[in-house]
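Worksheet for the structure shown next.
The values are calculated or read from the model by the stated rules, or taken from the named source; none is laboratory data. Note that the coordinates shown come from a computational prediction; the quantities given were computed from them, not determined experimentally. So basically every Cβ, Gly included, is an ideal-geometry build from the backbone, and we count neighbours across all protein chains shown. Surface areas here come from the heavy atoms of the whole protein model, side chains and all, with no ligands, DNA or RNA. Shrake-Rupley method; radii C 1.70, N 1.55, O 1.52, S 1.80 Å.
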Amino acid sequence: MSTLTDPRSASDARVPRALLVAAALYAAAWSLVPPWVTAGFPLDVVESLTWGHEGEWGYYKHPPMAPWVLYVFYRVFGRAGPYLLSQVCIGFTLWLVWLTGRRLMTRERAWLGAALTMGTVFLTRPALEFNHNVAQLPLWAGIGWALLAALQDGRLRQWLLLGLLAGLCLLTKYSGALLLACLGVYVLATPQRRVLRTPGPWLAVLLAVAVLAPHLRWLWQHGGLPFAYVSSRAGADVGHPRADAWGFLGMQFINHVPLLLIVLWAVLPAWRQARRAKPVEAGVRAATRLHTDWPGYLLVLALAPGLLTALLGLAGIARVRDMWGVPMWTFSGLLAVACLPTAWLGVARPRLSRGLLVWLVLISVLSGAYLAFIAQWRQRPVRTDWPSAALAAHAQASWDGVSQCPLDVVAGEYHLAGTLAVALSPRQPSVLIHGDPRYSPWVTPARLQAGGALWIWTDDDASDVPPEPLNRVAAQADLRPHDGTWQVPWPREPAGRPFTVHWRAYVPAACARARGG
């Protein structure tokens, strides 16, 4: 290994205890405040909770890993579970970034780089809606660390860990293939390709495929449903892939603005001091040197996946989405610290810490205010204002009034039906999505005939016909319909216009409650 690390040893540098305490308080606030000030979950959380309840090896949009883990956290920690899981993912991400930094640079730079990772917006505000992008964060960071460790040490267990993380990453979201492709090109294009003559990389590939195999089998059985869904969505989208790609690049830059401002504010005094002490040219040369033992590897980790994504969009190969970038910049903090000259580090370090603290306090206050007051600002309720507990109480009472069997299936528009189903935990019913019947393979005609279903809709729904196969089963089987309407007050506006939900219970004859029973 080369010796491009700082000449000044930092082997005694430790992560300050105050920083760890602040991190714990931050994570607690972001886990406990959101469920306190909201009544419902955002769409991505509702979707994943309804998927995770089914325990399938795949779903019509994504692989299954994130819904599985989210469902466990929700069952264990209740409404705080999804927010806590986001913070757990971020915590593991920062730890893995720190471990990676330890192998690339001094300990002092490593913990500074890990802390500055929080300077990107992607690790703050998006954490309020746990989804597959947030779930990828620790896996992307873990892959970056595991490959570096395997290349440096060559131990078989490191290669096997890399294979496990790669399989889990693809089992979380397919976009993980972008990181693996970039790292694969790095290995092939550098002297590191000599590792291909050892069994480690090939065993890693075999383990990754083994982890992914059950999902691959599910894809084959369901005709590659997620890819068909993405293709149908791409055809319905307006605009052009190149415009999406430029928008993607612009949004990635915007999400780095806090980090850039923190670094600029921290290094300006050091730059002025260095400019007075020596020629500007020397200072520029010092500022452009990467203080890391593996500069090429860090550049690939920090930049290549995002740039490759933009290139795919610019080439018209894929329609890229801004939020795909959430896990792609987990090493931006390390890259920023690696660019700092050694002579600047002592002056910049306290200002980097203070700048990051100001940013995290500011984004925490703004995010909390957004959750608490966005409905008033927009003059209409948002999804997290939906009265989920009240909806569940109305649904259970209406169903129990006409059926003596447990409520097994809720049908309707995804967020409405999903919000109701999730709020009915621990006896959470399944959701029959109002759309393509392939989206809910767990709701079979036999299941509907045996237990019936509760179909719900609002005046804003585009269709007043129940989703298939409920519509077909209701016409062919002896399912007795019972109709009604709920008028549910909004939690933040109890005296205002209520939330109106229409319902129809389809009850099998064997479950029908006797009149007056």
Which numbered condition in (1) over 28 Å from the mean Cα position of the chain (by Cα); (2) at pLDDT 90 or above is the only one that Val422 fails? (1)
Report, by residue number, each residue of region 445-473 that is closer than 16 Å to Cys405 by Cβ and assigned to a loop (DSSP other than H, G, I, E, B). Gly452
Condition (residue is at pLDDT below 95, surrounded by fewer than 19 Cβ atoms within 10 Å (Cβ to Cβ) and under 21 Å from Met65 (Cβ atoms)) applied to region 229-247: is it met by at least one residue? yes
Name the residues in region 487-509 that are in contact with a Lys or Arg (Cβ under 9 Å, 6 or more places away or on another chain) and not aromatic (Phe, Trp, Tyr), would you? Ala505, Val507, Pro508, Ala509
Report, by residue number, each residue of region 90-107 that is under 20 Å from Leu360 (Cβ atoms) and either among the aromatic types (Phe, Trp, Tyr) or modelled with pLDDT under 95 (or both). Phe92, Trp95, Trp98
Find the residue count for region 61-87, including only residues that are of a type outside the set (S, T, N, Q) and closer than 16 Å to Ala127 by Cα. 13
Go through region 435-472 and count every residue that is touching a strand residue (DSSP E or B) at 6+ places or on another chain (Cβ under 6 Å) and open to solvent by 60 Å² or more (accessible area, probe 1.4 Å). 0
For region 169-176, state whether one or more residues are in a helix (DSSP H, G or I), surrounded by 15 or more Cβ atoms within 10 Å (Cβ to Cβ), free of Cβ contacts under 8 Å to residues at least 24 places away in the same chain and of a type in the set (A, V, I, L, M). no
Note on region 369-419: residues open to solvent by less than 20 Å² (accessible area, probe 1.4 Å), small (Gly, Ala, Ser) and either in a helix (DSSP H, G or I) or touching a Phe, Trp or Tyr at 6+ places or on another chain (Cβ under 9 Å) (or both) are Ala372, Ala375, Ser388, Ala392, Ala395, Ala411, Gly412, Ala417, Gly418
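Yes or no, residue by residue, for (1) farther than 23 Å from Glu47 by Cα; (2) touching a Gly at 6+ places or on another chain (Cβ under 9 Å):
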site	(1), (2)
Trp377	yes, no
Asp385	no, yes
Pro426	no, no
Pro445	no, no
Trp455	no, yes
Asp460	no, no
Arg480	yes, yes
